[in-house]
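The values are calculated or read from the model by the stated rules, or taken from the named source; none is laboratory data. Everything quoted here is computed from the prediction, not taken from an experiment. Ideal geometry is used to build each Cβ from the backbone, glycine not excepted, and the neighbour counts take in all protein chains shown.
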Amino acid sequence: MACAAPFTPTVYFPLTVDEALSQKAQLLLKTECADLIGDMNCEALPARHQTRIWIYVKAATYGLLLHALILGLPSAEFGALKPAATLRPVEG
């Protein structure tokens with residue numbers, strides 16, 4: 001039996017929501033879109049009372065994910081889609 005290839009995201013984008021919607025957004029992503037997402041990281045924006053969720057996906061699934069997010073979170077702000085190759089490794 002062959003093992004599945006590891007999920008390697010090819011693009012990423014930010015999704016910004018009000019603090020009040022942050023848990024709903026994360027739950028939607030984890031339950032309804034988990035098979036489309038490679039990873040996600042949250043960033044608090046306290047001055048704006050918002051949360052930015054960085055979402056890492058395969059380019060081929062971006063359109064499907066975007067459609068689901070627009071339907072589930074119509075007030076969310078979507079940032080620019082960028083190639084994952086532009087990510088800088090974290091030094092530590």
Next item on the list: Go through the range 17-42 and count every residue that is touching a Phe, Trp or Tyr at 6+ places or on another chain (Cβ under 8 Å) and touching a residue at least 24 places away in the same chain (Cβ under 8 Å).
Entry: 3
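So that you can scan it fast, the table gives a plain yes or no per residue for (1) over 12 Å from the mean Cα position of the chain (by Cα); (2) of a type in the set (A, V, I, L, M, F, W, C):
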| site | (1), (2) |
| --- | --- |
| 38 | no, no |
| 41 | no, no |
| 45 | yes, yes |
| 53 | no, yes |
| 78 | no, yes |
| 81 | no, yes |
Note to self: Quick test for you: out of 86, 10, 31, pick the one residue that is surrounded by 15 or more Cβ atoms within 10 Å (Cβ to Cβ) and among the hydroxyl-bearing types (Ser, Thr, Tyr).
What the structure shows: 10
Notebook entry, point to check: Listed residues 25, 47; which is of a type outside the set (Asp, Glu), modelled with pLDDT of 95 or more and not in a strand (DSSP E or B)?
Noted result: 47
